[in-house]
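The values are calculated or read from the model by the stated rules, or taken from the named source; none is laboratory data. It should be emphasised that the depicted structure is a prediction, and the values quoted were computed from it without experimental measurement. Glycine also receives a Cβ, built like all others from the backbone with ideal geometry; neighbour counts cover every protein chain displayed. Please note that ligands, DNA and RNA were not included when accessible areas were found on the heavy atoms of the full protein model with its side chains. Shrake-Rupley method; radii C 1.70, N 1.55, O 1.52, S 1.80 Å.
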Amino acid sequence: MIRVVCLLGSPRAGGNSDMLAERFCGAAAQAGAQIETFALRDMQFQGYTTPQAATPYGPDDDLAPALAAIKTADLLVMSTPIYFCNMTGLLKQAFDRFFCFFKPDYVTNPEPSVLGRNKALVLVQAQGEGPERYGDLLDHYGPALDKLGFARREVIRACGVRAPGDLTAHPDILQSADTMARQLVADLEGKRNEP
């Protein structure tokens, strides 16, 4: 069974990025995936700290179990509205903790991450502005994602959505989330079954 971990990065429950991530995860579950969701807004955690932390995932806080789940997942979904031209500070603080997945010699090691090379990542992005802005978020974080081992990366963007529920006026985006979820689950299952 394909394991999906979803990090909800919006400080506002029920917003457009939450709705789109939940739609994606619902379609992935219908395709046979196991889903585990973490709403960062409901968690107490801090950003990256030195490697001499309390757990292999940093401080012994609410984020450590989410990071442990990511380590064993096949697919990571990170959802965020665009706040001040980027992912939310909440999601960025969690993302900074991904440093725990690097091996001590990650700078020179050809396999720098404990995550391996077969994980997939979907960025679910909701923004009030049009598609001409903020389309390069995955490219911006590409060097770190490469080293972490997220070989396959996809984006689902909902543009022109501001008020909670605006997403419902975009059935094409909802349909693309369904299609992408089903395809990714099928692709990951196929990859797992390769000799």
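If exposed means no more than 14 neighbouring beta carbons inside 10 Å and the site is in a DSSP loop, what's the longest run of the chain without any exposed GluC sites (Glu not before Pro)? The answer is 1-128.
Using a probe radius of 1.4 angstrom, the carbon and sulfur fraction of the accessible surface of region 1-82 is 50%.
Summing Lys, Arg as +1 and Asp, Glu as -1, what charge do residues with Cβ under 11 Å from the Cβ of Thr37 carry, Thr37 excluded? Charge balance near Thr37 sits at -4.
Computed over neighbours whose Cβ is under 12 Å from that of Arg152, the net charge equals 0, Lys and Arg +1, Asp and Glu -1. Under 17 Å of direct C-alpha separation, and excluding same-chain neighbours fewer than eight residues apart, Lys71 reaches these lysines: Lys103, Lys119, Lys147. What angle, in degrees between 0 and 90 and rounded to the nearest 10, separates the Cα long axis of helix 16-30 from the longest principal axis of the Cα atoms of the chain? Tilt of helix 16-30: around 80 degrees. When the chain is modelled as a GNM with alpha-carbon springs shorter than 10 Å, which of Asp139, Asp166, Asp62 fluctuates the most? Of the options given, Asp139 has the highest mean-square fluctuation. Using 0.36 nm per residue and subtracting the Cα-Cα separation, the extra length available between Val114 and Ala54 on full extension is 19.8 nm.
Among Thr88, Thr179, Thr108, the largest mean-square fluctuation in a Gaussian network model of the chain (Cα springs under 10 Å) belongs to Thr108.
Largest first, the residues Cys85, Cys6, Cys100 sort by 1.4 Å accessible area into Cys85, Cys100, Cys6.
A 1.4 Å probe over all protein chains sorts Arg97, Arg23, Arg3, Arg192 by accessible area into Arg192, Arg23, Arg3, Arg97, starting with the largest. The helix-based estimate of mean residue ellipticity at 222 nm for the chain, built from -39,500 (n - 2.57) per DSSP H run of four or more residues and divided by its residue count, is -10000 deg cm²/dmol to the nearest 500. Rolling a 1.4 angstrom probe over the protein heavy atoms with all chains in place gives the chain an accessible area of 48 Å² per residue. If one takes the longest principal axis of the Cα atoms in the chain, at what angle in degrees, from 0 to 90 and to the nearest 10, does the Cα axis of helix 171-192 lie? The helix 171-192 is inclined about 30 degrees to the chain.
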